[in-house]
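The values are calculated or read from the model by the stated rules, or taken from the named source; none is laboratory data. Bear in mind that the values here come from a model prediction, so they are computed numbers and not experimental data. Virtual Cβ from ideal backbone geometry, glycine too; neighbours counted across all protein chains shown. Side chains included, ligands, DNA and RNA excluded: accessible areas come from the protein's heavy atoms. Shrake-Rupley method; radii C 1.70, N 1.55, O 1.52, S 1.80 Å.
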Amino acid sequence: MAIESANASFYADPAGLTALKRGAAGQTPEAIRETAKQFESLFTTMMLKSMRDATPKDSLFGSDQQDFYQDMFDQQMAVQLSKGKGLGLADVLVRQLMQSAGVVEGGAGVATTGGPSGSAAAAATGPSASWPPRSREEFVQAVMPAAREAAAQLGVDPSLVVAHAALETGWGQSIPTGADGRPSFNLFGIKAGSGWRGAAAVSLTSEFADGRMQTTPASFRAYASPGHSINDYADFLKSNPRYASALNTGDDAVAFARGLQRGGYATDPDYVSKFTAVAARLKSQMAQPISSASVG
């Protein structure tokens, strides 16, 4: 039985993917969905190729022609696996792309928001309506009260807790989103392991493995508010002995970051330098009068 390709030109013509990306940037919901499906197909193809590369090859019967047809088969198989609900990656991408493009999906169709004062934003309930923060100052103001309480438990300066949240989320601009489009308020990238009994949100995450950055979907803990996330973060660090060296480090950003990395919190080899850079920027910001500087 022949395997039908959803879009054969996607693999042979890079311009096809470029056009899809332009459509997604233009906030076209249909283009966003199509882009997500195509990316899932590409991701699946790469996954199949990696699996085959890890399998010992037959040097006697292998050939370039066989590899060529094997690649074609993998591409077609990826298209088939991505049809319908697929692997679920496309749904995650759709939610993230729509959120970043300011597009929300409703029961009767799709509408674009007009910013915080738009009707879609006004219809949101709970803390989601005021998130993400519009500036670095607004982010600090939103998390500092809970950060002070967490810092007292951890034995560190509150600014280090805020800096950690800023580093992990890009000052609140990038956090996992639930299936309903609501923010998870996961400020520290804590994953939902087997022992987690609360809500969870699936999102893409970038981690270093085998010496390079790799992007894969993962399940993250979801909270009702930023404060709940910060409280759980304090409990998470205190209850894991591997982070003992990060505790009681006061305002020493280097010691705190090294303790986190030593415990396995981050895989980025430049994590300590990135953390200390954000901590220094935050300290400088807190020493200045309140301004309307945007997040960046």
Pairs returned, first residue in the stretch 150-168 that is more than 13 Å from Thr276 (Cα to Cα), second residue that is in a helix (DSSP H, G or I) and open to solvent by 10 Å² or more (accessible area, probe 1.4 Å), beta-carbon separation under 6 angstrom, 6 or more apart or interchain, are Ala151/Pro158; Pro158/Arg148
Scanning the stretch 228-270 residue by residue, those in contact (Cβ under 8 Å) with a residue 40 or more places away in the chain and basic (Lys, Arg) turn out to be Lys238
Scanning the stretch 219-270 for residues that are polar (S, T, N, Q) and under 19 Å from Ser194 (Cβ atoms), the one nearest to the chain's Cα centre (by Cα) turns out to be Ser219
Note: among Ala163, Ala151, just one is of a type in the set (A, V, I, L, M, F, W, C), under 23 Å from Thr267 (Cα atoms), touching a helix residue (DSSP H, G or I) at 6+ places or on another chain (Cβ under 8 Å) and part of a helix (DSSP H, G or I), namely Ala163
When (1) in a loop (DSSP other than H, G, I, E, B); (2) without any contact (Cβ under 8 Å) to a residue 24 or more places away in the chain; (3) under 23 Å from Ala246 (Cα atoms) are applied to Asp180, the one that fails is (3)
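Select from the stretch 218-244 the residues that are among the charged types (D, E, K, R) and crowded, with 18+ Cβ neighbours inside 10 Å and write down the one among them that is modelled with the highest pLDDT.
Residue satisfying both the conditions and the ranking: Asp232.
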Residues of the stretch 245-281 being in a helix (DSSP H, G or I), open to solvent by less than 30 Å² (accessible area, probe 1.4 Å) and at pLDDT 95 or above, in sequence order, are Ala246, Ala253, Phe256, Ala257, Gly259, Leu260, Val272, Phe275, Val278, Ala279
Filtering the stretch 197-217 for residues that are small (Gly, Ala, Ser), in a loop (DSSP other than H, G, I, E, B) and modelled with pLDDT of 75 or more leaves a count of 2
